[in-house]
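The values are calculated or read from the model by the stated rules, or taken from the named source; none is laboratory data. Given the structure is predicted, the values throughout are model-derived calculations rather than measurements. Note that we place each Cβ from the backbone using ideal geometry, even for glycine, and neighbour counts take in every protein chain shown. Side chains are part of the model used for accessible areas, which takes the heavy atoms of the whole protein and leaves out ligands, DNA and RNA. Shrake-Rupley method; radii C 1.70, N 1.55, O 1.52, S 1.80 Å.
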Amino acid sequence: DARVAQLEQRLTRITVEAQAASGNAARAEGLLIAFAARRALDNSTPLGYVEGQLRLRFGQAQPRAVATIINAAREPITLADLRGGLADIADQLITPPANASWWTALEHEARELISIHKASTPSPRPQAGLERAIRYLDGGRVSAALAEVERMPGRTVADRWIQSARRYLEARRALDLIETAAILEPRTLQPTEGATVAQTLPFAP
């Protein structure tokens, strides 16, 4: 009886270790798929086989994030696209539109002549704001660049650019979600033929 009990304990320990190893391997595979998707979006290349893996591994846990990533990959937007698009409309951004009121035009001219602000705060001048937006894009800070553009006097000409920047940010938030899911969330894989495949938690007890 004692020998049987020892064998049962050893078998239980082996099973636990196998489950933990399986969970860690699944987590690593999930992260690799997430990183491959991010690289494809950053390089403006098709997802290819990664699309199927995204659906398989994260389709149930994060369906909206997966759909966002797949749609973004079909019409990819990169940092270089955003920077080039901003450069194309730079002159129009820093000036009020042609149909602006005389008061708006006068306010713009006055702001260009003199600007009063705290030394610790950024300059409100449109040209300074444009330069900050470009620096933010160079550093990958699209959200900060978007905030600058939305404050520009000629922001109405940037509607298309603003939509592109928002789509870029949505896709990166979706990538963040599936990376988190790969680490933390339990998953049930769903192959295309419909059968489910149980998958353990990382570090499963």
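The set of residues in region 33-51 being part of a helix (DSSP H, G or I) and loosely packed, with under 14 Cβ neighbours inside 10 Å consists of Arg39, Asn43, Tyr49. Only one of the numbered conditions (1) at pLDDT 85 or above; (2) open to solvent by less than 50 Å² (accessible area, probe 1.4 Å); (3) not charged (D, E, K, R) is violated by Gly139, and that is (2). The set of residues in region 126-173 that are of a type outside the set (Gly, Ala, Ser), closer than 30 Å to Val66 by Cα, in contact (Cβ under 8 Å) with a residue 60 or more places away in the chain and in contact with a helix residue (DSSP H, G or I) (Cβ under 6 Å, 6 or more places away or on another chain) comprises Val142, Val149, Trp161, Tyr168, Glu170. Taken as a whole, region 99-118 holds no residue that is surrounded by fewer than 16 Cβ atoms within 10 Å (Cβ to Cβ) and modelled with pLDDT of 85 or more. The one condition from (1) closer than 23 Å to Glu148 by Cβ; (2) crowded, with 17+ Cβ neighbours inside 10 Å that Asp81 does not meet is (2).
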